[in-house]
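Enquirer: This is the structure I want to talk about, given as structure tokens.
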Amino acid sequence: MTTNKFEQDKASGQSSTGEKLESAHAGFTRRDMMRTVLAGSMMVGTAGSMLAVAGNAYAQTPRRGGKIKIATQSSSTADTLDPAKAALSTDYTRVNMFYNGLTTLDAKLAPQMVLAEEINTSDATLWTIKLRSGVRFHDGKPLTPADVVYSLMRHKDPATASKAKALADQFESIKASGPNEVQIKLTGPNADLPVILATAQFLIIKDGTTTFTTANGTGAFKCKEFTPGVRTVGVRNEEYWKSGKPYLDEVELFGIPDEAARINALLSGDVHWINEVNPRSTQRVKSSPGYTVLETKSGLYTDLVIRQDVAPGKSDDFTLGMKYLMDREQIKTAAFRGYAVIGNDQPIDPTNRFHFAGLPQRPYDPDKAKFHLQKAGVIGSTIPLVATVAAAGSVDIALLMQQSAQKIGLKLDVKRMPADGYWSNQWMKVPLGFGNINPRPSADILFTQFFKSDSAWNESGWKNEQFDQLLVAARAQTDFAKRKQMYADMQVLVHDKCGIGVPVFIVNLEGVSSKIKGIQPIPLGAFMNYTAAEYVWLEA
């Protein structure tokens, strides 16, 4: 069988088969893609092509020098330099400053080569990765296959407490297969491996690293300062393997949990770039000279999380009743000022090719809500509902649900928790609360990380054997129509049975100084999917 081949064009840094690549991400089916790669080869360009696209968009020559400050909505003493434990936007931005992955994703969510120079497979189960030569860690040590083997296999060890363990469980074995080559054997076929390897937790660290008081990676910046819950400072890696990059001298990263304070910091010039702009603040930013709002449609959602392993969520009727209690149109208008797309308690958004549009829309129905909540035995009682500004829009959603619940005889006691510490202390630990889930590059990754029975981020504690079986079967299915049907069946299960409610998908809003150039939004997360430090520059 001819080998599927993902590689870089060494001369240009661009895709040698750009026409094929475009079609593969513009409605090209999985069957079409497999047919194309099996007939010849599919090549994806080096990650430097992201910058080329951005540079062309602005028609400017990148400028070296300068320092930028980035403020996110969350930071705590749990902040980490260990990619395996990265869990929040601040973590993702931080680790991407100091480390590289084998692959990354561009604005079309196509995998691009980074530390991998070439990835080959003939059956989507056994993969061979040729590593880029001439790459060194910040301490001067050359990148070797041992570093890659260690970086990936550590996620399988429960003691690592990796946030990507559910993904890493697919790695049956990883070994050096040559002086500059690694072989990965999966437990079953998964043609999405190049996409999976772009997951932030799979960034490459030095073989044997067990402490993370500083960062010793191969990335564009070296760690100058790291104080959990306070700030991170990275300075340019003068020996970076990508010639001419990064452009910035220094990047400072910290959290400002309060959105109003974050906006004030931006507009006063104290920071250059912020995420999680409240829709109510967009006009203020847009009307301020020298600033703009970046709007990116994506699969971002804030979800109602009903723990199904404790009361009252153990009752299926309680779960259904709470879902019927959400007035989605009102949530879109009141909580997000229209910067949202109506959701249907399914985590795959309408922009995703695997979105199941045929799922009947669950309406706001107080009568059905009351019927199910009465069966659950909670009408007339008081139930705490935990919300926080750290989960965008959750406070407004909670208050709207509180009003709806009051009309049918249920009292929801809205508990507003501070952003600081919410993800460590309340998320997934309270019977009724909220999550905030960034988009994932594939349906498989999203389902694996948040809905698989044994996933560390299984928000509601939902366990469904049928879902788990479909998840594994879909990975090996190369017929697009059959795979899409499997994902549709999985969305039905989540919609009907799982203890999460997805009222809307949120338009990602960021505030940014017009002095920052080279921005190319990526619909997976803020700050160019948390990789911006390497690619942007300050105008003269």
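The values are calculated or read from the model by the stated rules, or taken from the named source; none is laboratory data. No experiment lies behind these values; they were computed from the predicted model shown. Note that we place each Cβ from the backbone using ideal geometry, even for glycine, and neighbour counts take in every protein chain shown.
Enquirer: When you go through SER23, SER15 one by one, which is the residue that is over 30 Å from ALA391 (Cα atoms) and either crowded, with 19+ Cβ neighbours inside 10 Å or at pLDDT 90 or above (or both)?
Expert: Answer to the selection: SER15.
Enquirer: Step by step: first the residues of region 257-266, then only those that are at pLDDT 95 or above and crowded, with 19+ Cβ neighbours inside 10 Å, then the one that is nearest to the chain's Cα centre (by Cα). Which residue is that?
Expert: This residue is ARG262.
Enquirer: While we're here: Could you tell me whether VAL386 is touching a residue at least 24 places away in the same chain (Cβ under 8 Å), among the β-branched types (Val, Ile, Thr) and in contact with a Gly (Cβ under 9 Å, 6 or more places away or on another chain)?
Expert: yes
Enquirer: Also, quick follow-up: Residue check: is ALA124 under 14 Å from ALA200 (Cα atoms), part of a loop (DSSP other than H, G, I, E, B), touching a residue at least 40 places away in the same chain (Cβ under 8 Å) and outside the structural domain of SER513 (by TED's automatic domain parsing)?
Expert: Answer is no for this residue.
Enquirer: Restricting attention to region 463-495, which residues are at pLDDT 95 or above and touching a strand residue (DSSP E or B) at 6+ places or on another chain (Cβ under 9 Å)?
Expert: VAL494
Enquirer: Pairs needed: first member in region 280-305, over 13 Å from GLU510 (Cβ atoms); second member anywhere, assigned to a loop (DSSP other than H, G, I, E, B) and of a type in the set (Phe, Trp, Tyr); C-beta distance under 9 Å; at least 6 residues apart or different chains.
Expert: Final answer for the pair search is VAL305/TRP427.
Enquirer: Can you tell me how many residues within region 353-364 are touching a Ser or Thr at 6+ places or on another chain (Cβ under 9 Å) and not basic (Lys, Arg)?
Expert: Result for region 353-364: 2.
Enquirer: Find the helices (runs of 4 or more DSSP H) located wholly in region 307-425 whose residues include 2 or more that are assigned by TED's automatic domain parsing to the domain that holds PRO441 and within 30 Å of ARG284 (Cβ to Cβ), and list them.
Expert: Counting at least 2 such residues, we get 394-407, 422-425.
Enquirer: Since THR214 meets every condition but one in (1) surrounded by fewer than 17 Cβ atoms within 10 Å (Cβ to Cβ); (2) closer than 25 Å to GLY511 by Cβ; (3) polar (S, T, N, Q), which condition does it not meet?
Expert: For THR214, the exception is condition (2).
Enquirer: Can you list residue pairs whose Cβ atoms sit under 8 Å apart, with the first residue in region 56-79 being over 18 Å from GLY511 (Cβ atoms) and the second being exposed (fewer than 13 other Cβ atoms within 10 Å of the Cβ) and at pLDDT below 90? Count only pairs 6 or more apart in sequence or on different chains.
Expert: Filtered contacts from region 56-79: ARG63/ALA540.
Enquirer: What are the residues in region 394-420 that are modelled with pLDDT under 95 and crowded, with 18+ Cβ neighbours inside 10 Å, if any?
Expert: Within region 394-420, ALA419, ASP420 meet the criteria.
Enquirer: Still on this structure, I have one more. If I filter region 493-502 for residues that are crowded, with 22+ Cβ neighbours inside 10 Å, within 23 Å of GLU295 (Cα to Cα) and out of contact with any Phe, Trp or Tyr (no Cβ under 7 Å at 6 or more places or on another chain), do I get at least one hit?
Expert: Within region 493-502 (the criterion being crowded, with 22+ Cβ neighbours inside 10 Å, within 23 Å of GLU295 (Cα to Cα) and out of contact with any Phe, Trp or Tyr (no Cβ under 7 Å at 6 or more places or on another chain)), the answer is no, since none of the residues qualifies.
Enquirer: Related question: Do we find that SER460 is at pLDDT 95 or above, of a type in the set (S, T, N, Q), assigned to a loop (DSSP other than H, G, I, E, B) and surrounded by 23 or more Cβ atoms within 10 Å (Cβ to Cβ) in this structure?
Expert: It is true that SER460 is at pLDDT 95 or above, of a type in the set (S, T, N, Q), assigned to a loop (DSSP other than H, G, I, E, B) and surrounded by 23 or more Cβ atoms within 10 Å (Cβ to Cβ).
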